[in-house]
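**Student:** Below you'll find the structure I mean.
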Amino acid sequence: MSAAGFASRNELEAFQLERVRALIEETVRAGGFYTRKLKHIDLPSLAGLDEFRRRIPFTTKRELTEDQLESPPYGTILTYPVERYGRFCQTSGTSGRPLRWLDTAESWDWMTRNWMRVFEAAGVTAHDRVFFASTFGPFLGFWLAFEAAGKMGCLCIPGGGMRTSARLHTILDNGVTVLCCTPTYALRLAEVAAEEQIDLGATRVRIVIAAGEPGASIPATRAEIERAWNGARVADHHGMTETGPVTYPCPAQSDMLHVIESGYIAEIVAPGGETPALAGARGELVLTPLGRPGAPVFRYRTGDLVQPASQPSPCVCGTLDLALRGGILGRVDDMVVVRGVNVYPSAVDGIVRSVGGVAEYRVEVIRSRTRPDLRLEVEPVQTAEPGLAARVEEAMVRAIGLRAEVALAAPGTLPRFEMKANRWNRTG
């Protein structure tokens, strides 16, 4: 069920309230993390979602990390005995110690259904052949996506343990029609295809679901992936280990993500603050999953920066689900201030990709006692025209009013990434 299945926002919110009340009641009985966190709150008297937001405190990743450090290996957030759980995943650890997460069969099935919603919105059908370009490992997203595609009747082809060239030949040999990977790796596959003279126009790929990092909702990055993959539709999605799959691509608007509100209570708060963001303003996404009672989180501060769309409800695609313009814009803690200019990695990615001719790039934030500075290294593709560094520098000035030092890197010298890219280095 998506919010499109509800007749009104009131009906949707009544459903959310019923689910969250039951979830709180079951969780508090467990005697663990949330029993302690919510012990001073008269939970049965929660009259509505506004009261839920006022009285239930935020949950942060730092709290969960400390809980697991104090009570290893899984902390005290589990509602049931460990023997009831059948799935293990963990966060990537890109912003600290990885969190370990367990799921019951029921929770896993709920998340799988949410991933099916992502596939359906992207246009995937039972006739598709879906290739998963990932090493898998303990990463939640690809395991769920693999299972969801199988439940839809798709032919599911795993790409773990393969080199990039082997993955390209697998895509060709098996008539793959849907590619699942990060935006960075979609471009890396295209780069290797060019190096090895593999014609991506000969593939049958018609949809690229590019998740795991900002990119698929950034117009310039999305356009570059579409060009590289012979006009295939690029669909965005995002989720977290702590919450599960959260958003699906709007079928009618390429730069929009919808939150699966039948599965999540979503809030947008001022970055770094506790009050709701102003109407239509950027803010931090806060989530309460409604179908994961085995390891619940309430009002979880995701750290994801989003901007709600100013548009009529329901959306032109027919759903009442919250719309996020531009998808995930970045991380709240990723912003750097350079000479008075707020700079987000996702904005820089869009600028660099809009110039064209860049195979890969790296950004260094140089902190000094006087002022921070920004330096970019850009590695050109083989067919890039002269003057690439100057064009990137000019594009930065035009887009955000910041002049950064831009240098050319020798071909093949910058790191390549299969999963989330790590292009930013902060020094000094």
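The values are calculated or read from the model by the stated rules, or taken from the named source; none is laboratory data. Note that the structure is predicted; figures quoted are calculated from it, not measured. All Cβ positions, even for glycine, are placed from backbone atoms using ideal geometry, and neighbour counts span all protein chains on display.
**Student:** Residues Val397, Val343, Val355: which one is out of contact with any helix residue (DSSP H, G or I) (no Cβ under 6 Å at 6 or more places or on another chain) and at pLDDT 90 or above? So that I can check it myself, show each step before the final result.
**Tutor:** Details: Val343 fails: at pLDDT 90 or above; Val355 fails: out of contact with any helix residue (DSSP H, G or I) (no Cβ under 6 Å at 6 or more places or on another chain).
Selected residue: Val397, the only one of Val397, Val343, Val355 that is out of contact with any helix residue (DSSP H, G or I) (no Cβ under 6 Å at 6 or more places or on another chain) and at pLDDT 90 or above.
**Student:** Which numbered condition in (1) surrounded by fewer than 17 Cβ atoms within 10 Å (Cβ to Cβ); (2) not in a strand (DSSP E or B) is the only one that Phe88 fails?
**Tutor:** With respect to (1) surrounded by fewer than 17 Cβ atoms within 10 Å (Cβ to Cβ); (2) not in a strand (DSSP E or B), Phe88 is out only on (2).
**Student:** Next up: List every residue pair whose Cβ atoms lie under 7 Å apart, where the two residues are 6 or more positions apart in sequence or sit on different chains, the first residue falls within the stretch 9-38 and is under 30 Å from Pro314 (Cβ atoms), and the second residue, located anywhere, is assigned to a helix (DSSP H, G or I).
**Tutor:** Between residues of the stretch 9-38 that are under 30 Å from Pro314 (Cβ atoms) and residues that are assigned to a helix (DSSP H, G or I), the close pairs are Leu12/Ala3; Glu13/Leu49; Gln16/Leu49; Leu17/Leu49; Val20/Phe52; Ile24/Leu43.
**Student:** While we're here: Across the stretch 374-397, which residue is surrounded by the fewest Cβ atoms within 10 Å (Cβ to Cβ) among those that are among the acidic types (Asp, Glu) and over 28 Å from the mean Cα position of the chain (by Cα)? Working first, answer last.
**Tutor:** Pass one, the stretch 374-397, residues among the acidic types (Asp, Glu): 377, 379, 385, 393-394.
Imposing the further condition that a residue be over 28 Å from the mean Cα position of the chain (by Cα) reduces the set to 385, 393-394.
Working: Glu385: 9, Glu393: 20, Glu394: 14.
Among those that are among the acidic types (Asp, Glu) and over 28 Å from the mean Cα position of the chain (by Cα), it is Glu385.
**Student:** Follow-up question, since we're still on this one. Could you grab the pairs with beta carbons closer than 6 Å, sequence gap of 6+ or different chains, first residue in the stretch 50-68 and farther than 16 Å from Leu23 by Cα, second one small (Gly, Ala, Ser)?
**Tutor:** Asp67/Gly75; Gln68/Gly75
**Student:** Going through the stretch 191-224 one residue at a time, which ones are among the small types (Gly, Ala, Ser), over 20 Å from the mean Cα position of the chain (by Cα) and either modelled with pLDDT under 95 or farther than 21 Å from Leu414 by Cβ (or both)? Walk me through it before giving the result.
**Tutor:** Looking only at the stretch 191-224, we keep the residues that are among the small types (Gly, Ala, Ser), and these are 193-194, 201-202, 210-212, 215-217, 220, 223.
Next cut, over 20 Å from the mean Cα position of the chain (by Cα) only: 193-194, 201-202.
Matches in the stretch 191-224: Ala194, Gly201, Ala202.
**Student:** Quick one: would you say Thr135 is part of a loop (DSSP other than H, G, I, E, B), hydroxyl-bearing (Ser, Thr, Tyr), under 22 Å from Ile260 (Cα atoms) and not assigned by TED's automatic domain parsing to the domain that holds Cys250? I'd like the intermediate steps shown before the answer.
**Tutor:** Details: part of a loop (DSSP other than H, G, I, E, B): yes; hydroxyl-bearing (Ser, Thr, Tyr): yes; under 22 Å from Ile260 (Cα atoms): no; not assigned by TED's automatic domain parsing to the domain that holds Cys250: yes.
When the stated conditions are applied, Thr135 does not pass them.
**Student:** Within the stretch 266-286, how many residues are in contact with a helix residue (DSSP H, G or I) (Cβ under 7 Å, 6 or more places away or on another chain) and closer than 22 Å to Pro312 by Cβ? Please lay out each step first, then the result.
**Tutor:** Going residue by residue through the stretch 266-286, those that are in contact with a helix residue (DSSP H, G or I) (Cβ under 7 Å, 6 or more places away or on another chain) are 267, 271-272, 284.
Filter once more, so that each one left must be closer than 22 Å to Pro312 by Cβ: 267.
The total comes to 1.
**Student:** Whether any residue in the stretch 301-316 is crowded, with 21+ Cβ neighbours inside 10 Å and more than 20 Å from the chain's Cα centre (by Cα) is what I want to check.
**Tutor:** First, the residues of the stretch 301-316 that are crowded, with 21+ Cβ neighbours inside 10 Å: 301-302, 304-306, 315.
Keeping just the survivors that are more than 20 Å from the chain's Cα centre (by Cα) gives 315.
Within the stretch 301-316 (the criterion being crowded, with 21+ Cβ neighbours inside 10 Å and more than 20 Å from the chain's Cα centre (by Cα)), the answer is yes, since at least one residue qualifies.
**Student:** Assigned by TED's automatic domain parsing to the domain that holds Thr177, of a type in the set (Lys, Arg) and surrounded by fewer than 22 Cβ atoms within 10 Å (Cβ to Cβ): which single residue out of Arg97, Arg129 fits that description? Don't jump to the end; show me each part of the working.
**Tutor:** Numbers: Arg97 fails: assigned by TED's automatic domain parsing to the domain that holds Thr177.
Step by step, each of Arg97, Arg129 is checked, and only Arg129 is assigned by TED's automatic domain parsing to the domain that holds Thr177, of a type in the set (Lys, Arg) and surrounded by fewer than 22 Cβ atoms within 10 Å (Cβ to Cβ).
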